[in-house]
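Single-structure report; data block below.
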Amino acid sequence: MKRLSSVRGAEKVALSGLLIAMMLVLGYVESLLPSVSGIPGIKLGLSNGVLIFAVYMLDLPTAWVLMVLKVLLSGLLFGGFNTILYALAGGVLSMAVMTGLSRVRGIHPVTVSMAGGVMHNVGQVAVAMALFHTNQLLYYMAVLVLAGLVCGALTGVCAAAVMKHLKKLKA
């Protein structure tokens, strides 16, 4: 995918602000929806589709800044310190894997999103295991890996569709 390398200065700040606003709104809307699965800890991750877009269409430092801002602002607005802690652990691990995989030729954005969804859950469970001093949460990982794959696929399909249409508009 071709990056929006021509976006600089004020345009980059404006685009970043728009993407942050989109992530916050999607995160808030998602918090209003009833749990899709009825299983604790499983969310669609709608705002992560915006991060996939950023990983592929913007430079990596900007994508990382957007992830950190999303975590901090979402935590301050809708959660608290624990929310920030869990989201940051999942976000850092997820972004590390997604940025790495996005550079591998032939790996589709949906696959990258699925890996990101799984790794987000791994990061959160690792924090919970450290905080609660238990390995028992590893049993829950099977459920969370499946959820990360499914939800990551959904957000990846949405992000890939948006990028495909933006590419057509730019041409």
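The values are calculated or read from the model by the stated rules, or taken from the named source; none is laboratory data. Note that the structure is predicted; figures quoted are calculated from it, not measured. In this analysis, Cβ positions are derived from the backbone assuming ideal geometry, glycine residues included, and neighbour counts consider all displayed protein chains. Ligands, DNA and RNA are stripped out before the accessible areas are found, and what is left, the full protein with its side chains, is counted by its heavy atoms. Shrake-Rupley method; radii C 1.70, N 1.55, O 1.52, S 1.80 Å.
Take the range 19-136 with all the other protein chains still there, run a 1.4 Å probe, and you get 50 Å² of accessible area per residue. Taking the empirical scaling 2.2 N^0.38 Å for compact globular proteins as reference, the range 109-154 has a Cα radius of gyration ratio of 1.18.
Take every Cα pair under 8 Å whose residues are at least 6 apart in sequence, average their separation, divide by the length of the chain, and the relative contact order is 23 percent. Here the chain is assigned +1 on the Cβ of each Lys and Arg and -1 on the Cβ of each Asp and Glu. Its dipole about the Cα centre then comes out at about 720 debye. Dividing the summed -39500 (n - 2.57) terms of all DSSP H runs of n ≥ 4 by the residue count of the chain sets its mean residue ellipticity at 222 nm at -26000 deg cm²/dmol.
With loop membership from DSSP and a limit of 13 other Cβ atoms within 10 Å, the longest segment of the chain without trypsin sites (Lys or Arg not before Pro) is 9-102. A dipole drawn for the chain from +1 and -1 charges on Cβ atoms has a positive end, and of L19, V29, G152 the residue lying farthest that way is L19.
Each of [x] 142; [y] 114; [z] 155 is a candidate for volume of the Cα convex hull per residue in Å³; the one calculated from this structure is [y]. Taking all protein chains as shown and a probe of 1.4 angstrom, V50 keeps an accessible surface of around 10 Å². Shape call for the range 61-144 from the C-alpha gyration tensor, a ≥ b ≥ c root eigenvalues: rounded (a/c under 1.5), prolate (a/b greater than b/c) or oblate? Because a/c hits 1.5 or more and a/b fails to exceed b/c, the range 61-144 counts as oblate. Computed from Cα positions, the angle between helix 109-132 and the longest principal axis of the chain comes to roughly 30 degrees. Were the residues from T134 through L149 laid out at 0.36 nm apart, the gain over their Cα-Cα distance would be 2.9 nm. Helix 48-57 axis versus longest C-alpha principal axis of the chain: approximately 40°, rounded to the nearest ten. Pairs of Lys residues in the chain are counted when their Cα atoms are under 23 angstrom apart and they lie 8 or more places apart or on different chains; the count is 11.
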